[in-house]
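Engineer: Before I ask anything, here is the structure I am working with.
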Amino acid sequence: MSTVNGRVRHYGAFYGIPEMAAGKHDDRPVILVHGNCQAESLRVLLAGSETLGARTVRLPPVFEMSATDIPFLHRLAEGSQILLSQPVSDNYHGLPLGTDQVLAMMPAGSRVVRWPVVRFSGFHPYQAIVRDPQDPSRNPPVVPYHDLRTMASARTGTDRSSETVSLEAARAVADASRAELRRREREQCDVAISDVFDAGVAGDMATINHPGNRVLIELARRMQLALDRPADAADPGRTLLGDVVAPVERGALRAMKVSGAGRRSWQVSGRRVRSTTVHRTQWRFYDDNPGVLEAGYRRHGTTLEMLGLL
């Protein structure tokens, strides 16, 4: 590439930067780990194994890839034999980034193992992801998550932020979230992880879609077993997906039968952010963007009802 900016250097091996193309003369099989931000965490854990018998390459997350990345993906896939992928639909964002499409770029007989996008709401029953109908890539301000209480506040004009979840509602949300994850595992995946939440521990989810290290390590070990390798993935000594950590209510922990005092504030890039700051800022955001609010109600109506917010 003509310009080596920070992003290109970060994914240097993917872009073929010579000094960063680790394993250039390494004849071990290449494993591609394809998906969202969870994919890179899984790759890190697999790369740390001394018994993997393969090498990995850091890929941009699928939601960041653009048309200019496709030739580099194709080049890398042509030299790979194993694909570990979250289920990605064909022509994702209008590009040939689907799991089956990437597999088709690889040599005949290449192996694919599909693993789930880990999304679980048991620890954060009020948290939601909502896509802006006008710009699906746009996040709400302060943190990239929505709170159903803030949405209800904006919809009704009455502040609902002080409401706490009942045990019954928290269990209902956790059960529904677990059931949805299991459905996706059955229909789309070769490896499952939902059972770890049957006996969860504090820190298993930093947010609804950022698993903690315990969950990621267990998933990595199951992937190793699926590849007929020893399940020796180990903690890397740092939190893999801890840039954003959401508050956790005691009621949610009790419903999950998890001990702990909960968390009242957000942590964003190591900085403490008050929940009230997020609530007030996002309420104003909904006032200015009613289409996002309506999209949230359409998508999460069942959960809003479970939580008594309708």
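The values are calculated or read from the model by the stated rules, or taken from the named source; none is laboratory data. Keep in mind the model is a prediction, meaning the values are calculated, not measured. Neighbour counts are summed over all protein chains in view; Cβ atoms, including those assigned to glycine, are modelled from backbone coordinates with ideal geometry. In case anyone asks, the SASA skips ligands and DNA or RNA and just uses the protein heavy atoms, side chains included. Shrake-Rupley method; radii C 1.70, N 1.55, O 1.52, S 1.80 Å.
Engineer: Condition first: part of a loop (DSSP other than H, G, I, E, B) and either within 18 Å of V201 (Cβ to Cβ) or at pLDDT 95 or above (or both). Can you find one or more residues in the range 283-295 that meet it? Spell out how you get there, then give the answer.
Structural biologist: Within the range 283-295, the subset part of a loop (DSSP other than H, G, I, E, B) is 289.
When the remaining residues are screened for being either within 18 Å of V201 (Cβ to Cβ) or at pLDDT 95 or above (or both), the result is 289.
The answer is yes, given that some residue of the range 283-295 is part of a loop (DSSP other than H, G, I, E, B) and either within 18 Å of V201 (Cβ to Cβ) or at pLDDT 95 or above (or both).
Engineer: Restricting to the range 83-102, and then to whatever is closer than 13 Å to H34 by Cβ, surrounded by fewer than 18 Cβ atoms within 10 Å (Cβ to Cβ) and touching a residue at least 24 places away in the same chain (Cβ under 8 Å), can you tell me which residue is nearest to the chain's Cα centre (by Cα)?
Structural biologist: Filtering first and then ranking leaves P87.
Engineer: I've got another one for you. Among the numbered criteria (1) within 17 Å of Q282 (Cα to Cα); (2) over 23 Å from the mean Cα position of the chain (by Cα); (3) at pLDDT below 95, which single criterion is violated by G157?
Structural biologist: (3)
Engineer: Something else now. Failed condition for R75, given (1) in contact (Cβ under 8 Å) with a residue 40 or more places away in the chain; (2) surrounded by 15 or more Cβ atoms within 10 Å (Cβ to Cβ), with all others met?
Structural biologist: It is condition (2) that R75 fails.
Engineer: Please go through the range 140-157 and give me each residue that is surrounded by 15 or more Cβ atoms within 10 Å (Cβ to Cβ) and farther than 18 Å from S265 by Cβ, ordered by number. Walk me through it before giving the result.
Structural biologist: Residues of the range 140-157 surrounded by 15 or more Cβ atoms within 10 Å (Cβ to Cβ): 140, 142-143, 145-155.
L148, M151, A152, S153, A154, R155, listed by residue number.
Engineer: Could you name every one of the helices (runs of 4 or more DSSP H) located completely within the range 158-275 that has at least 1 residues being open to solvent by less than 70 Å² (accessible area, probe 1.4 Å) and free of Cβ contacts under 8 Å to residues at least 24 places away in the same chain?
Structural biologist: 167-188
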